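A.B. asks: Below is one structure. I have some questions about it.
Only the coordinates and a few stated rules stand behind these numbers; no lab work does. Computed from a prediction, not measured in an experiment: that's the story for all the values here. Please note: Cβ atoms are built from the backbone with ideal geometry, for glycine as well, and neighbour counts cover all protein chains shown.
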Ligand code: BTN
């Protein structure tokens, strides 16, 4: 972490960091108490009320990252946040491939990584992490969201959780650079909420249903379907029994 920017309120920590990405060094992080326009994946909103969670983003600019391995950054985020939350709570925190952390079947944390390339070389990536910590409840339109407080009764220091997660993120990023994405995948697999489960993958217009069989070394998910095995690199994967996919 080379430079930390603390804000009381911001539209989105990802957006703020993207605005300053060109002129900021690797490791710059923005941590906010509240986001007024927090963003989730697929254009969704991310509820980020004051003091209720850790809302933060880190800038990655490292010449060792390319279009082939930068996808591993999302695993660095997930593993880092899972380590921190497991340490605080003693609970089993699972990773729903590739972007969510799950506690007791509900969503505790979401990750939004955005990037810009020069050809195949990564110019910048902004990795945004939202961890629901101290919310006492969620609006009805978010039935699958939860917080650490709701699940465990623990009140936590959001800023400290962000700082601890950023430190862990650095350590996992080193693993990505030195050992490759394969090593991270091996760390994700044992705490996956997806592997071995029935899943539905939606990508563009097409939909696949099958069993999530393995995480491949490049980070993609291998799904065994009635028509054979298919690997999915990105997109939306629902897990049967999680978030209402019955
Ligand atoms: C998702 O699950 O859809 C991803 C949610 C990512 C939310 C975080 S909060 C910090 C950062 N700033 C944003 O606007 N989004 C990410």
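A.B. asks: Over the Cα atoms of the range 4-191, compute the convex hull volume and normalise it per residue, giving Å³. Mind dumping the intermediate values first?
C.D. replies: Details: hull volume 20.0 nm³, N = 188.
So the per-residue Cα hull volume is 106 Å³.
A.B. asks: Need one number for the range 1-106: average projected area of the convex hull over its C-alpha atoms, nm².
C.D. replies: Spelled out: convex hull of the Cα atoms, projected over all directions, averaged, 7.6 nm².
A.B. asks: Sticking with this structure for a sec: Rank-order 13-21, 27-35 by packing density, defined as the average count of other C-beta atoms within 10 Å over each peptide's residues, highest first.
C.D. replies: 27-35, 13-21
A.B. asks: Could you give the length gained by full extension between residue 68 and residue 117, i.e. 0.36 nm per residue of separation minus their alpha carbon distance, to one decimal place?
C.D. replies: 16.5 nm
A.B. asks: Determine, from the Cβ-Cβ distance of residue 22 and residue 159 and an R0 of 41 Å, the FRET efficiency 1/(1 + (r/R0)^6), rounded to the nearest 0.05.
C.D. replies: According to the calculation, E is roughly 0.95.
A.B. asks: Sorted by mean Cβ packing within 10 Å, highest first, what order do the peptides 229-236, 181-188 take?
C.D. replies: Top of the packing list down: 181-188, 229-236.
A.B. asks: Kindly work out what percent of the DSSP beta bridges joining two residues of the chain are antiparallel, to the nearest 5. Write down the numbers at each step before the final one.
C.D. replies: Values: 51 of 59 bridges.
Approximately 85 percent, going by the DSSP bridge assignments.
A.B. asks: Rounded to the nearest 500, what is the 222 nm mean residue ellipticity of the chain from helices alone, with -39500 (n - 2.57) per DSSP H run of 4+ residues and division by all residues?
C.D. replies: Helix contribution divided over all residues of the chain: -7500 deg cm²/dmol.
A.B. asks: Using the alpha-carbon centroid of each, what span in Å lies between the range 64-140 and the range 176-246?
C.D. replies: 15
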